[in-house]
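The values are calculated or read from the model by the stated rules, or taken from the named source; none is laboratory data. Computed from a predicted structure; not experimentally measured. Every residue, glycine among them, receives a Cβ derived from its backbone with ideal geometry; neighbour counts consider all protein chains shown.
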Amino acid sequence: MNPSLLLLHGALGSKEQFNDLKDSLSNEFDVHTLDFEGHGGNASSTPFSMEFFASNVRDYLKEHHISKTHIFGYSMGGYVALQLAKTHPELVEHIVTLGTKFEWTPESAAQELKMLNPEKIEEKVPAFAKKLAAVHTQNDWKEVMRKTAQLMHGLGNGKKITVQELTQIQHNVHIAIGRKDHMVSIEESKESANALPNGQLHILEEVKHMIDTIPIEKLKTLILDAIKR
């Protein structure tokens with residue numbers, strides 16, 4: 001029986017962004033995906049937080065009788081994976097993150113919030129607004145964006161995972177960052193990888209932040225090399 005692998009999506013995303021990757025990994029893993037509450041077709045009236053999304057993962061694993069799983073987390077999904085490892089280490093095997101932001105300060109959060117104004121996006125980037133409306137079928141994408149902004153504000157104002165907390169996570173954690181990622185720095189990724197007792201940094205050449213711009217084979221190789229080496 002193949003080992004379990006859970007793919008966790010990023011902010012404003014859904015499990016649908018992993019359809020092709022899930023298929024490509026199906027021979028090596030029992031691959032699972034989920035929508036965090038409030039995303040995709042999964043409605044929620046609860047405020048967003050990393051703890052809340054980690055509880056979504058715990059509930060999913062329990063429902064599907066998965067006692068322990070490898071996790072690949074893209075962007076926010078990587079942060080949720082580390083939150084789960086921090087609070088429920090027994091549920092987690094290897095972790096692979098990609099494009100996960102670790103350097104949260106009031107200033108960095110404020111910078112992110114500038115890009116999370118739904119009214120401005122609807123006016124200036126209507127194609128993106130239309131895409132979000134299609135992704136969050138049972139939810140108002142504007143509400144998803146507002147809740148995401150509140151989550152990021154919280155991370156920048158004391159609710160982040162600290163470097164000291166990273167030192168307590170004993171799992172094998174592979175921190176991957178694209179060389180051309182303009183949302184997350186190599187420096188913050190390296191600092192986090194160094195803080196983790198069993199952390200490793202992977203710099204992916206020619207890779208930007210948005211996962212839909214990354215070839216599936218490159219993502220597959222990253223995951224297989226990290227977990228099965």
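The figures follow:
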| item | result |
| --- | --- |
| Any hit, the stretch 134-154, residues being under 20 Å from residue 99 (Cβ atoms) and loosely packed, with under 14 Cβ neighbours inside 10 Å | no |
| Inter-residue pairs, beta-carbon under 8 Å, first in contact (Cβ under 8 Å) with a residue 40 or more places away in the chain and in the stretch 73-98, second charged (D, E, K, R), 6+ apart | 75/101; 79/101; 83/51; 86/165; 92/68; 93/68 |
| Unique residue being free of Cβ contacts under 8 Å to residues at least 12 places away in the same chain and among the polar types (S, T, N, Q) when the list is 111, 150, 168 | 111 |
| Members of the stretch 179-197 found to be surrounded by fewer than 17 Cβ atoms within 10 Å (Cβ to Cβ) and either touching a Leu at 6+ places or on another chain (Cβ under 6 Å) or part of a loop (DSSP other than H, G, I, E, B) (or both), listed by number | 179, 180, 182, 183, 185, 190, 197 |
| The listed residue being aromatic (Phe, Trp, Tyr), more than 21 Å from residue 135 (Cβ to Cβ), at pLDDT 95 or above and surrounded by 21 or more Cβ atoms within 10 Å (Cβ to Cβ), out of 18, 29 | 29 |
| Residue pairs meeting the criteria (Cβ under 8 Å; at least 6 apart or on separate chains; first under 16 Å from residue 22 (Cα atoms), in the stretch 202-229; second part of a helix (DSSP H, G or I) and of a type in the set (D, E, K, R)) | 216/20 |
| Selection from the stretch 34-52 of residues that are on the phi < 0 side of the Ramachandran plot and buried (at least 20 other Cβ atoms within 10 Å of the Cβ) | 34, 35, 36, 39, 48, 50 |
| Filtered residues of the stretch 198-215 (kept if within 11 Å of residue 99 (Cα to Cα) and in a strand (DSSP E or B)) | 202, 203, 204 |
| Scan of the stretch 1-27 for residues that are of a type in the set (S, T, N, Q) and over 11 Å from the mean Cα position of the chain (by Cα), ordered by number | 2, 4, 17, 19, 24, 26, 27 |
| Yes/no for residue 55 being assigned to a loop (DSSP other than H, G, I, E, B), among the small types (Gly, Ala, Ser), surrounded by fewer than 23 Cβ atoms within 10 Å (Cβ to Cβ) and free of Cβ contacts under 8 Å to residues at least 24 places away in the same chain | no |
| Test: residue 159 is buried (at least 16 other Cβ atoms within 10 Å of the Cβ), of a type in the set (Lys, Arg), under 18 Å from the mean Cα position of the chain (by Cα) and at pLDDT 90 or above | no |
| Count of the stretch 18-43 residues which are touching a residue at least 60 places away in the same chain (Cβ under 8 Å) and closer than 30 Å to residue 158 by Cβ | 5 |
